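Engineer: Handing you this structure, nothing more for now.
Read the figures in this text as sums done on the coordinates, not as results from a lab. This one's a predicted model, so the numbers in the text were calculated from it and none came from an experiment. Virtual Cβ from ideal backbone geometry, glycine too; neighbours counted across all protein chains shown.
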Amino acid sequence: MRRFFCENITQSAAVITGDDAHHISRVLRMKAGDALSLCDGAGNEYDAVITSVSPETVGCALGERHASEAESPVRVTLFQCLPKTGKMELIVQKCTELGVYAIVPVNSARCVVVPGKDYDKKRDRYNRVALEAAKQSRRGMIPSVLPLIELKKIDVKSFDLFLVAYEDETTISLKQALRAANSPMSIALLIGPEGGLEAGEVEQLVKTGAVSVSLGKRILRTETAGMAMLAQTLYEVEE
């Protein structure tokens, strides 16, 4: 069954607009009476039947509502230090497919890329990438790419568990940290830039409650580390 995200949902009806309305009417050539599935982007899905079709709007009558099976009950947020140009889109796309809740770009001491005045435009593009990846992977919600934040301004205590991937960590592995946690419902993962995190940055985060963890014996690229850490985390916390 065809599936679309839709923001304009009331108790018994929905209206699809924009590119999706054009796609339904002109490309798929769906018509009144055809069935489809709608998702409100907040984890709820609806069985729906088209009631009206035009290139601008598609009206639908809603049937049964049910929770999306694609979403984890544990919200995992990725704090990604700014990578070199071109890598952030890949990170957003793949982490959306894997099940990330939100992505927060971070500026740290060793970031090669210096955020410019055009960052808001880049962020808009990243959110479009997240939307398309959410559609492709049949997510129940669309992860947000949030505004850029300085590393020192991260609020570690706003999460049940805050994990920092650090290549010099030799005591605690990611698996050990996750299994030692007391059923966290919100988890943050921090990935450093190409040059890694400075020791002082990690020490400061640990002082405020973060846990420094190792991702294994191999050193991963920044664009690989977030995906690997996210996949392992969701594997451990999902039933």
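Engineer: Within region 160-189, what residues put their amide N at less than 12 Å from the label point 7 Å along the Cα-to-Cβ vector of LEU146?
Structural biologist: Inside the label zone: 160, 187-189.
Engineer: Write down the percent of antiparallel bridges among all DSSP beta bridges whose residues are both part of the chain, to the nearest 5.
Structural biologist: 45
Engineer: Give the distance, in whole Å, between the Cα centre of region 113-133 and the Cα centre of region 136-181.
Structural biologist: Here the two parts' Cα centres lie 20 Å apart.
Engineer: Determine, for LYS217, LYS135, LYS31, the number of other Cβ atoms within 10 Å of each Cβ, and report the residues in order from fewest to most.
Structural biologist: On the way: LYS217 5, LYS135 16, LYS31 11.
Listed from fewest to most nearby Cβ atoms, that is LYS217, LYS31, LYS135.
Engineer: Would you check the chain for Lys pairs whose C-alpha atoms are within less than 20 Å, ignoring same-chain pairs closer than 8 in sequence, and give me the count?
Structural biologist: Close lysine pairs found across the chain: 14.
Engineer: What is the angle, in °, between the Cα long axis of helix 222-237 and the longest principal axis of the Cα atoms in the chain? Nearest 10 is fine, range 0 to 90.
Structural biologist: 80
Engineer: Restricting the count to DSSP beta bridges whose residues both fall in region 48-126, what percent are antiparallel, rounded to a multiple of 5? Present the calculation step by step, with values, prior to reporting the outcome.
Structural biologist: Values: 5 of 10 bridges.
If we restrict to bridges inside region 48-126, about 50 percent are antiparallel.
Engineer: By how many nm would the segment from LYS207 to ARG110 lengthen if fully extended, with 0.36 nm per residue of separation less the alpha-carbon distance?
Structural biologist: Details: separation 97, 0.36 × 97 = 34.92 nm, distance 2.04 nm.
Between LYS207 and ARG110, full extension yields an extra 32.9 nm.
Engineer: Let me ask another. Specify the angular offset, from 0 to 90 degrees and rounded to the nearest 10, of the alpha carbon long axis of helix 87-98 from the longest principal axis of the alpha carbons in the chain.
Structural biologist: Its long axis makes an angle of about 70 degrees.
Engineer: Please find the FRET efficiency linking GLU7 to LEU220, where r is the Cβ-Cβ separation and R0 is fixed at 35 Å, and quote it to the nearest 0.05.
Structural biologist: 0.45
Engineer: Pull out a ≥ b ≥ c, the square roots of the eigenvalues of the alpha-carbon gyration tensor of region 75-237, then state rounded if a/c is under 1.5, prolate if not and a/b is larger than b/c, and oblate in the remaining case.
Structural biologist: oblate
Engineer: Let me check I've understood the local charge: for VAL202, count other residues with C-beta under 14 angstrom from its C-beta, Lys and Arg +1, Asp and Glu -1. What total comes out?
Structural biologist: Overall, the nearby charge balance is -3.
Engineer: Could you size up the charge dipole of the chain around its Cα centre, putting +1 on the beta carbon of Lys and Arg and -1 on that of Asp and Glu, and report it in debye to the nearest 20?
Structural biologist: 480
Engineer: Once the Cα atoms of helix 119-136 and of the chain are each reduced to a long axis, what angle between those two axes, in degrees from 0 to 90 to the nearest 10, is obtained?
Structural biologist: Its long axis makes an angle of about 60 degrees.
Engineer: Continuing with the same structure: Just round it to a whole percent: the fraction of Cα-Cα distances in region 3-67 exceeding 16 Å.
Structural biologist: 33
Engineer: Please work out whether region 139-235 counts as rounded, prolate or oblate from its C-alpha gyration tensor, where a ≥ b ≥ c are the square roots of the eigenvalues and a/c under 1.5 means rounded, while otherwise a/b larger than b/c means prolate and anything else oblate?
Structural biologist: It is rounded, given that a/c, with a ≥ b ≥ c, falls under 1.5.
Engineer: Mind giving me the FRET efficiency for LEU28 and ARG125? R0 is 30 Å, r the Cβ-Cβ distance, nearest 0.05 is fine. Intermediate results must be reported in sequence, preceding the final value.
Structural biologist: On the way: r = 26 Å, r/R0 = 0.87.
Result of the calculation: an efficiency of 0.70.
Engineer: Now, a different point. Projected onto the charge dipole of the chain (+1 at Lys/Arg Cβ, -1 at Asp/Glu Cβ, origin at the Cα centre), which of TYR166, LEU36, MET141 gives the Cα projection farthest towards the positive end?
Structural biologist: TYR166
Engineer: Among the DSSP beta bridges whose two residues both lie in region 3-67, what percent are antiparallel, rounded to the nearest 5?
Structural biologist: For region 3-67, the DSSP antiparallel bridge percentage is about 85.
Engineer: Using only helices, what value at 222 nm comes out for the chain when you add -39,500 (n - 2.57) per DSSP H run of length 4 or more and divide by the total residues, to the nearest 500 deg cm²/dmol?
Structural biologist: The per-residue figure over the chain is -8500 deg cm²/dmol.
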